[in-house]
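Working notes, structure below.
The values are calculated or read from the model by the stated rules, or taken from the named source; none is laboratory data. Worth saying up front: this structure is predicted, and the values here are computed from it rather than measured. All Cβ positions, glycine included, derive from the backbone under ideal geometry; neighbour counts span all protein chains shown.
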Amino acid sequence: MLPAAIYLLVMFVYPFAYGVILSLQAKGGGISVANYLAFLLDPWQVRTVWVTASIAVPNTVLTVLLALVVAYSMRRGVWMERTITTALVLPIALGTVLVAEGINGFYGPKGWLNQGLLALGITDAPRLTHNYTGVMIALLVQHFPFCFLMLLGYISGIDPGLEAAARVLGAGPWAIFRRVMWPLIAPGVAIAFALVFVMNFGVFPSAVLVGQPAGATRTIAIAAYQQAFEHSDMAMASAIAVVMGGCQLLGLGLILVIRRRMAATGVATVGAGKR
Amino acid sequence: MGRLWHVAVYLFVVGFVLNLVGIVGHVLVSSFARRWFATPLPNAFTTAWYAYSWREFQLDQVLTVTLVVAASVTALALGLGFPAAYLLARHDFRAKNALLLLFFLPLLIPQMTYGIPLATTLYRYRIGGTVAGVIAANLVPMLPLAIFVLLPFFEQISVNLEWAARVHGASRFQLFRRVIVPLAVPGLLTAGLLVLVTTIANFELTFLLSGAGSQTLVVALYYAVFAAGMRPIYSVDAMAVIYMALVLALLVLVLRFVRPTQMVFRLDRRN
């Protein structure tokens, strides 16, 4: 136990604390918020927060909603479920870099998708790679399977007896979802929202490889990386990393508040998530 | 109405899987293409890009680093995670919740967020840029991963077995060596394989910590894709296929032990 805990204290907690302190160090010594001010007052830098949010927020909502709909529809198993779920593990296991390279090929102007569209007579299809759309596709391909598998495990763990009871008592599919299943699923959906948002906000390889890292998809992670490794300004890089962490915390807090509000008006949650 | 809904959901899933096939298939076909330009399939095929890629990207060296890193991280994660998971499964103590949080945070927080301060620290102590630095950084999320995979396996081992061994005069070491380790083998195998495949595919931390001689395959692939145009795209795709083969071979092994839904966060444990 001790070695594991010590390792994480030394390699995780200490660097974090060190980073925060470093970010507060002024060039000449002493404590100051100069690095944060420099970031916030530079339009080129502070823009990355909005760029990241404009990717992360819509993508999170889209990913979680799609995953929820599909996982809910597949909660009692479907034809070829094992094959489907195995196929969906692929992008998770292969990782962002390979998926990015594949997307550049497949969705690119000379890829199979555009060839198919051309064959159908659609010649003015919008460009899908090396821009905002490309990053959205990459993140969806990466995070939809993650979110779907997570929710599928959660939803299929709900006692089917509850749903059967509701049906016997005359509830339609919508009433079953709204009054019986949703209160049970909501905690899982909230966690899914939180995880996907946090991952989306830290997007780096996809934003560089399928995006437009010098402009439309210059996310905050790219800004932090450039400060650290291209300008060798570790104090500034740490400040940006802290801002990134702060934004992620803010998102988490917001999701928690919404969840509280909904739970207060909902039904007591029992029997969820046992598998 | 209900039927239409199901058809729509099914079509979406099929479409999504087809899109995955397209993404992986494009890389695969491109790596064997002599030239490929806006036709359904290349006109001529060749395997020459593999030799080219192996030579130009120094894949022998990159693969060696990848395997050394993955094996070291797996061994360390299991070695450090085994006792930790055992104690967390068996004992209740005051700091348990704080420890669970400490182990959970590196999995929850994206690597880019804590990777920058971690890289800053490791470069300051001159470990950054070396193979040791890559191993040390990757261990930060992999150790918790090993612990959380091992935890339920230890919870399943009956305490009665340990008591019985104790009653029959087994020493602490014998108990460990003859009872607990043999029963934990499936857990160790699952955790080990998951850590192995995740480490090979882990990009961010390795990227931030690796220098010229300590790149793993996925980082080398990133630089090759990033510098698109420096080398023929077919050779980049050949490297991607080599990477893919390595990950898929391990994934097939992993999926013998775990269900796909277990490859992501287990939500039910955290409520």
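Let me confirm something: among B:LEU63, B:LEU18, B:LEU67, which residue is surrounded by fewer than 19 Cβ atoms within 10 Å (Cβ to Cβ) and over 24 Å from B:ALA212 (Cβ atoms)?
Working: B:LEU63 fails: over 24 Å from B:ALA212 (Cβ atoms); B:LEU67 fails: over 24 Å from B:ALA212 (Cβ atoms).
That would be B:LEU18, the only listed residue that is surrounded by fewer than 19 Cβ atoms within 10 Å (Cβ to Cβ) and over 24 Å from B:ALA212 (Cβ atoms).
What is the residue count in region A:209-225 for residues that are facing chain B (nearest Cβ under 10 Å) and in contact (Cβ under 8 Å) with a residue 60 or more places away in the chain? Talk me through it step by step, then tell me what you get.
Step one: of region A:209-225, the residues facing chain B (nearest Cβ under 10 Å) are A:209-210, A:213, A:219-222, A:224-225.
Of the ones still in play, those that are also in contact (Cβ under 8 Å) with a residue 60 or more places away in the chain are A:209-210, A:219-222.
Within region A:209-225, residues that are facing chain B (nearest Cβ under 10 Å) and in contact (Cβ under 8 Å) with a residue 60 or more places away in the chain number 6.
Just to check your reading of the model, which residue among B:ALA228, B:ALA240, B:ALA220 is surrounded by fewer than 17 Cβ atoms within 10 Å (Cβ to Cβ), aliphatic (A, V, I, L, M) and within 11 Å of chain A (Cβ to nearest Cβ)?
Numbers: B:ALA240 fails: surrounded by fewer than 17 Cβ atoms within 10 Å (Cβ to Cβ); B:ALA220 fails: surrounded by fewer than 17 Cβ atoms within 10 Å (Cβ to Cβ).
Unique residue meeting the criteria: B:ALA228.
Please indicate, with yes or no, whether at least one residue in region A:119-128 is at the interface with another protein chain (Cβ under 10 Å from one of its Cβ atoms), surrounded by fewer than 14 Cβ atoms within 10 Å (Cβ to Cβ) and more than 19 Å from B:VAL13 (Cβ to Cβ). Talk me through it step by step, then tell me what you get.
Start the filter on region A:119-128 by keeping residues that are at the interface with another protein chain (Cβ under 10 Å from one of its Cβ atoms), which leaves A:119.
In the following step, the residues that additionally are surrounded by fewer than 14 Cβ atoms within 10 Å (Cβ to Cβ) were identified as A:119.
Among the residues that remain, those that are also more than 19 Å from B:VAL13 (Cβ to Cβ) are: A:119.
Yes.
May I ask you to list the residues in region B:195-206 that are within 18 Å of A:ALA100 (Cβ to Cβ) and within 8 Å of another protein chain (Cβ to nearest Cβ)?
Matches in region B:195-206: B:ALA201, B:ASN202, B:PHE203, B:GLU204.
Take B:GLY213 and tell me if it is of a type outside the set (Ser, Thr, Tyr), in contact with a helix residue (DSSP H, G or I) (Cβ under 8 Å, 6 or more places away or on another chain), over 23 Å from B:SER30 (Cα atoms) and more than 12 Å from every other protein chain (Cβ to nearest Cβ). I'd like the intermediate steps shown before the answer.
Working: of a type outside the set (Ser, Thr, Tyr): yes; in contact with a helix residue (DSSP H, G or I) (Cβ under 8 Å, 6 or more places away or on another chain): yes; over 23 Å from B:SER30 (Cα atoms): yes; more than 12 Å from every other protein chain (Cβ to nearest Cβ): yes.
Yes; evaluated as a whole, the condition is true for this residue.
With the condition kept exactly as written, say whether any residue in region B:125-148 is closer than 21 Å to B:VAL69 by Cβ, charged (D, E, K, R) and not in a helix (DSSP H, G or I).
Scanning region B:125-148 turns up at least one residue that is closer than 21 Å to B:VAL69 by Cβ, charged (D, E, K, R) and not in a helix (DSSP H, G or I).
Identify all residues within region A:148-162 that are outside any loop (DSSP other than H, G, I, E, B) and either of a type in the set (Gly, Ala, Ser) or within 14 Å of chain B (Cβ to nearest Cβ) (or both); write none if there are none. Break it down stepwise before answering.
Going through region A:148-162, the residues outside any loop (DSSP other than H, G, I, E, B) turn out to be A:148-155, A:160-162.
Passing the criteria: A:PHE148, A:LEU149, A:MET150, A:LEU151, A:LEU152, A:GLY153, A:TYR154, A:ILE155, A:GLY161.
For region B:196-271, give me every one of the helices (runs of 4 or more DSSP H) that falls completely inside it and has 1 or more residues that are farther than 29 Å from A:ALA214 by Cβ and not assigned by TED's automatic domain parsing to the domain that holds B:LEU150. It would help to see each step written out before you state the result.
On the way: elements: B:204-209, B:217-226, B:233-257.
Here the list is empty.
Considering each of A:MET244, A:MET199, A:MET234 in turn, give the residue that is touching a Leu at 6+ places or on another chain (Cβ under 7 Å) and facing another protein chain (nearest Cβ under 7 Å). Outline the logic, then answer.
On the way: A:MET244 fails: touching a Leu at 6+ places or on another chain (Cβ under 7 Å); A:MET199 fails: touching a Leu at 6+ places or on another chain (Cβ under 7 Å).
None of the others qualify; the one that does is A:MET234.
What pairs come out if I take residues in region B:96-118 that are within 7 Å of chain A (Cβ to nearest Cβ) and more than 15 Å from A:PRO15 (Cα to Cα) and pair them with residues that are at pLDDT 90 or above and not in a helix (DSSP H, G or I) whose C-beta lies under 6 Å away, six or more apart or interchain?
Nothing qualifies.
I need a count of the residues in region B:126-175 that are charged (D, E, K, R) and in contact (Cβ under 8 Å) with a residue 60 or more places away in the chain. So that I can check it myself, show each step before the final result.
Step one: of region B:126-175, the residues charged (D, E, K, R) are B:126, B:155, B:162, B:166, B:172.
This time we only want the ones that are in contact (Cβ under 8 Å) with a residue 60 or more places away in the chain, so: B:155.
Looking only at that region, the number is 1.
Select the helices (runs of 4 or more DSSP H) contained entirely in region A:1-95, then report the ones holding at least 2 residues which are within 22 Å of the chain's Cα centre (by Cα), free of Cβ contacts under 8 Å to residues at least 60 places away in the same chain and under 24 Å from B:PRO117 (Cα atoms). Reasoning before the result, please.
On the way: elements: A:2-8, A:14-23, A:34-41, A:43-73, A:81-94.
Where helices (runs of 4 or more DSSP H) fall fully within region A:1-95 and carry at least 2 residues being within 22 Å of the chain's Cα centre (by Cα), free of Cβ contacts under 8 Å to residues at least 60 places away in the same chain and under 24 Å from B:PRO117 (Cα atoms), they are A:43-73.
Considering only residues that are among the aromatic types (Phe, Trp, Tyr) and crowded, with 20+ Cβ neighbours inside 10 Å, look in region B:99-122 and name the one that is farthest from B:PRO83 (Cα to Cα).
Initial filter on region B:99-122 (among the aromatic types (Phe, Trp, Tyr)): B:103-104, B:114.
Subsequent filtering for residues that are crowded, with 20+ Cβ neighbours inside 10 Å retains B:103, B:114.
On the way: B:PHE103: 14, B:TYR114: 26 Å.
Checked region B:99-122; the qualifying residue farthest from B:PRO83 (Cα to Cα) is B:TYR114.
What's the number of the condition A:ASP124 fails, among (1) closer than 27 Å to B:ASN202 by Cα; (2) of a type in the set (Asp, Glu); (3) not in a helix (DSSP H, G or I)?
Result: A:ASP124 passes all but (1).
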